1. Under a plain spin-label model, where a point goes 7 Å from the Cα along Cα-to-Cβ, how far apart in nm are VAL504 and GLU148?
2. Solvent-accessible area per residue for the chain at a 1.4 Å probe radius, Å²?
3. Equivalent-ellipsoid semi-axes (√(5λ), Cα gyration tensor) for the range 311-383, whole Å, largest first?
4. Please identify the GluC sites (Glu not before Pro) of the range 200-248 that satisfy two criteria: DSSP loop assignment and at most 10 other Cβ atoms within 10 Å. Which are they?
5. Please give me, ordered by residue number, the GluC sites (Glu not before Pro) of the range 139-194 that lie in loop per DSSP and have at most 11 other Cβ atoms within 10 Å.
6. State the Cα centre-to-centre distance between the range 90-116 and the range 8-29 in whole Å.
7. FRET efficiency for ALA488 and GLU422, Cβ-Cβ distance as r, R0 = 60 Å, nearest 0.05?
8. Please compare each pair in LYS424/LYS472; LYS472/LYS584; LYS113/LYS280; LYS25/LYS190 to a cut-off of 24 Å on the Cα-Cα distance and tell me which ones are over it.
Amino acid sequence: MQERNIAIIAHVDHGKTTLVDGLLKQSEVFRKNEQVAERVMDSGELERERGITIMSKVAAIRYEGEKINIVDTPGHADFGGEVERVLNMADGVLLLVDAFEGVMPQTKYVLRKALEQKLRAIVVINKIDRADARIDEVEYEVMELFMELGADDEQLDYPVIYTAAKAGIAKKNLDDESTNLEPLLETIIKEIPSGSGDAELPLQMAVTMLEWDDYVGKIAIGRISRGRIKSGEVVTVISGREHFSGKIGKVYVYEGLHRTEVAEASAGEIAAVTGLPEIKIGDTISDKENPEALETIKVDEPTLSVTIGVNTSPLAGKDGQFVTSRHLRDRLYKEIQTNVALRVEDTNSTDVFKVSGRGELHLSILIETMRREGYEMEVGKPEVVYKLIDGQKYEPIEELTVEVTSEYMGTVMESLGRRKGELKDMQQIAGYIRLNFLIPARGLIGFRSELLTSTRGNGIMNHVFHGYEPYKGEIMGRTRGSLVAFEAGLTTGYGIFNLQDRGVMFIEPGQQVYEGMIVGENSRELDIDINPCKAKKQTNIRASNSDEAIRLIPARIMSLEQAMEYIQDDELVEVTPQTIRLRKAILDRTTRGRLSKNSRK
């Protein structure tokens, strides 16, 4: 039996996971009449909540006696590190493109990576059942993209399949009748080469994914390039310049959504093995007698960093289970074993760590995951990672696509102009205007919230890493100051009501606050110290419940990403399992005032 290993790549929300769902259901992976959840491959809690794929997963289906290993990859640019290493396991790719949205920034990014690895591509135009589908235009855009990325003649000769993944149908020609995804499966069998490699040569297997199991420990996953891997055999692991011996525990291959234990797996198969606790992503599992390393996996460098430290607020330790620097350190260094695009560094302070990743979403997903696991921490303002090239300061540049209606176009262009964005081109698509910019990564910090506000929720943005360019100069940050509580206590409706004309409040009545906590945004430039805990004095003239008539403007409640985008250099986000608070780095009002005066001298 031959195997084919195929990765599904696309821009975010173009339908990868839905298509995999359809393939699994139609390939009788599930028992008849078995109730199956939608987006079955998105098994993580955060993935289901946000509707995005964060971690790559492997599933296997069978069609006409052939086995097809399918790898579902993330679509968001911040998880590009996942895509890069997963392509090492594939013999070919399905490039999904939305029949309306067409080629988007991440489409270009993932296709470039696939072409660099000389992988065979099948283009899948998805969502052909959309009323606003523009299939011919999108096909032309895809062809232009292949040519722009320097595809060779063989790569340019790609087949096109038309699908409606939600309906579970695929067609080789738009006029064809279809009730299932068989045309796509037939094309995969015909076009994608079976897993290559000679099973009789000495073993070589690159580790591209790691998982953890409470019973068997660390599980290393990858494609066997050559030879065979057997349960119980002694192997040599090549990790950079180091070599160490290990004994394979169990060997698994994929069947449906599950792993099946086997005695051995051979060249071309995607296998999972246990028994190697020290192994890392990028290591090579090789023959004991003839150890030869495979090429190490190259992952683009991080572009954004934050500091994560021990929670030092007066309310620290009330919610969290893991609150010490040792807890934080162990958790962060454990994360980099499986999250290859992440970097963790110790700082001068033993309680603070510098964590670098591919973008705000990449970092905030890590922080949100830790928060749900019971960790408490303080997070600093995101900063871009600069490079020095020939003595000159270079910064990361992002390729940004914004879709808005014409009435908001001027507002968006003005905002991006202030953030050093350069307009590259503009297209009109079905009532929307698509603007393509090149913009410094630091110019995107806080832009998502501004876009949603300025376009009343009608703006859509996507971005992908473009490269490094010389430093573009200063970018103006937030122009409004903070409203800072100057004493601890429980907030009151009366106290908040009397402060509403100062700006936008972030708190509600009955909430615990402390000195130095940011409780709102000032309508002016400077910070103001306020007291939202002030109670109404009772007299014999008014009843004590008379403030029930007070009308409060709803508070602005921020998500973790919004809070990280919002803060200034002298501010922090306090993250606990139950709450997200904004605070000043220096809580004491007098010390803050003295430092502010000194900085203005």
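The values are calculated or read from the model by the stated rules, or taken from the named source; none is laboratory data. Being a predicted model, the structure only gives us computed values, none of them experimental. Positions of Cβ are backbone-derived with ideal geometry, glycine not excepted, and every protein chain shown enters the neighbour counts. In case anyone asks, the SASA skips ligands and DNA or RNA and just uses the protein heavy atoms, side chains included. Shrake-Rupley method; radii C 1.70, N 1.55, O 1.52, S 1.80 Å.
1. That separation, rounded to one decimal, is 3.4 nm.
2. Result: 47 Å² of accessible area for each residue.
3. 19, 13, 12
4. GLU200
5. Taking the range 139-194 and a limit of 11 other Cβ atoms within 10 Å, the loop GluC sites (Glu not before Pro) found are GLU177.
6. First find each Cα centre; the distance between them is then 15 Å.
7. Rounded to the nearest 0.05, the efficiency is 0.80.
8. Over 24 Å apart, Cα to Cα: LYS472/LYS584.
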